[in-house]
Structures are given as C-alpha cells and as structure tokens.
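J.: Here you go, one structure.
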Amino acid sequence: MKTGPSCATIRIRFAAYTLVELMVAISIGILLAGGGVFLLVEAVRENLRSVADARVEQEAAELQARLLRLLREMSSFEGAVYVLPVSGTGTIGTAYNGLIVARGPAPDFPRAELRFDATSRRVWFRENRLNATTETVLFESRPGRVVLRQLTFAPTVKADNTTDNSLVRVYFEMDDDGFGRRRATANTSRVFRTFSVKMRNS
C-alpha cells in the first residue's frame, strides 16, 4: 500500500518554493529600486540644468538692457573713444574692453567710462572717469552661479570706411560656471550676445 508524502516533506517543499520566489522578488525589487534611483538622479540633474539655463538667460537679458539704456543716453556728437583692445572676440574682430563717452559737451558733462574688468569679471560705469566715487557696478560675476567671460565694444565702419561714432557694437559671453553639472563635453550653460546700440544725436 502506497502512502502519500508526509506532512514534513510537504512543508519542506513549500518552504523551498517560497524561498526561490522570495529571492526572485528581491532581485526584481533591487532592479526597480536601482532604476528609480537613476531616474531620480537624472531628474535632479535636469532640474539643475534648467535652473542654470534660466539664470544665465535672465542675467544676460538684464545686462543687455542696462547697456542699451546707458549707451542710448550718451551723445554721439561727443563721440566714443575705445580703450583696452582685445582680439578674437566672437564675430566682431578686434574690439575693446573699455569705452569712453559723454552725455554732452564739456565742461558741463565730464567724460564717462564704461568698462569690463577681465580680472574680477564685472562691469562698471563711471559718470566721471576721473572720479572713482561716481562708479556704478552694472554686473558682478558670481563664481559657481553665473560668470561674465567677456564683454567688448567695437566701432561701426561705414561703407566709405569712416567710423560711425553714433553706433556701438557690443558683444558678450556669459555662462553658469559649471552650476548645471553637465558632462565634460558640454559642461556649462553659455549665452552669446551681439547687438548694436545707437547713441542719441545730441
């Protein structure tokens, strides 16, 4: 007479199958958790990139607006004197880090100066270029957040090869200084701006 498996054997087999199922479930859980962590890390990185892009675009737009407003207040009749030459800046060739202008004729209006300090990476304007107390900072770089790499000014040349003192060409580069944590091949959010400013005819 054959007898069926004992209760002990049934329990052992049941326990063995449960252990295998448990190991499979743990493996699947680990894979899912790893995938979740990867997605979370990517989401954080993408958020950093978005913040970096937005900050650089905003700072660039604000700096451009300040420069446009300031230069439009200067008198083209007094002309512009370009100082501190640099080369290889974007698409405008030889250009300058400084610009001497005036709101009107002397002695009522002293010569003013607009300059990019390549060491501190900041932009300042002096209403009277000989008086440091008249200095106003238009932009100041913040390492690890946003940095102005270059700002230059260049004269416009007319068709007859004479200089147009009423039209100033401006070029600048700004980036997030690595805040976005991008890969080494594209490790920063960078903005390039080139525009011309017409000084007033008075």
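The values are calculated or read from the model by the stated rules, or taken from the named source; none is laboratory data. Only a predicted model underlies this, so the values are computations on that prediction, with no experimental measurement involved. Methodologically, a virtual Cβ is constructed for each residue, glycine included, from the backbone with ideal geometry; neighbour enumeration extends over all protein chains shown.
J.: Within the range 173-188, restricting attention to residues that are hydrophobic (A, V, I, L, M, F, W, C) and either surrounded by fewer than 20 Cβ atoms within 10 Å (Cβ to Cβ) or farther than 18 Å from ALA54 by Cβ (or both), which residue is modelled with the lowest pLDDT?
T.: Only one residue fits best here, namely ALA184.
J.: Right, here's the next one. Which of (1) of a type in the set (A, V, I, L, M, F, W, C); (2) surrounded by fewer than 16 Cβ atoms within 10 Å (Cβ to Cβ); (3) within 14 Å of LEU67 (Cα to Cα) does LEU130 not meet, given it meets every other one?
T.: Of (1) of a type in the set (A, V, I, L, M, F, W, C); (2) surrounded by fewer than 16 Cβ atoms within 10 Å (Cβ to Cβ); (3) within 14 Å of LEU67 (Cα to Cα), only one is false for LEU130: (3).
Here is a yes/no grid of residues against (1) of a type in the set (Val, Ile, Thr); (2) farther than 28 Å from ALA54 by Cα; (3) touching a strand residue (DSSP E or B) at 6+ places or on another chain (Cβ under 9 Å):
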| site | (1), (2), (3) |
| --- | --- |
| THR94 | yes, yes, yes |
| GLU113 | no, yes, yes |
| THR119 | yes, no, no |
| VAL123 | yes, no, yes |
| VAL137 | yes, no, yes |
| GLY144 | no, no, no |
| GLN150 | no, no, yes |
| THR156 | yes, yes, yes |
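J.: Filter the range 117-147 down to residues that are assigned to a strand (DSSP E or B), under 20 Å from GLY178 (Cβ atoms) and touching a residue at least 40 places away in the same chain (Cβ under 8 Å), then give me how many there are.
T.: Number satisfying all stated conditions: 2.
J.: Right, something else. Residues in the range 102-111: is at least one touching a strand residue (DSSP E or B) at 6+ places or on another chain (Cβ under 8 Å) and outside any loop (DSSP other than H, G, I, E, B)?
T.: No.
J.: Here is a further query. Of the residues ARG145, ARG126, ARG115, which is basic (Lys, Arg), at pLDDT below 95 and at negative phi?
T.: That would be ARG145, the only listed residue that is basic (Lys, Arg), at pLDDT below 95 and at negative phi.
J.: Quick one: is ALA65 modelled with pLDDT under 70 and part of a helix (DSSP H, G or I)?
T.: no
J.: Does at least one position in the range 99-111 carry a residue that is crowded, with 17+ Cβ neighbours inside 10 Å and under 16 Å from GLU173 (Cβ atoms)?
T.: Within the range 99-111, not a single residue is crowded, with 17+ Cβ neighbours inside 10 Å and under 16 Å from GLU173 (Cβ atoms).
J.: Then there's this: Please count how many residues of the range 151-162 are within 32 Å of the chain's Cα centre (by Cα) and farther than 15 Å from LEU67 by Cα.
T.: The qualifying residues number 3.
J.: Looking for something within 21 Å of GLU73 (Cβ to Cβ) and touching a residue at least 12 places away in the same chain (Cβ under 8 Å) - is there at least one such residue anywhere in the range 172-191?
T.: Scanning the range 172-191, I find at least one residue that is within 21 Å of GLU73 (Cβ to Cβ) and touching a residue at least 12 places away in the same chain (Cβ under 8 Å), so the answer is yes.
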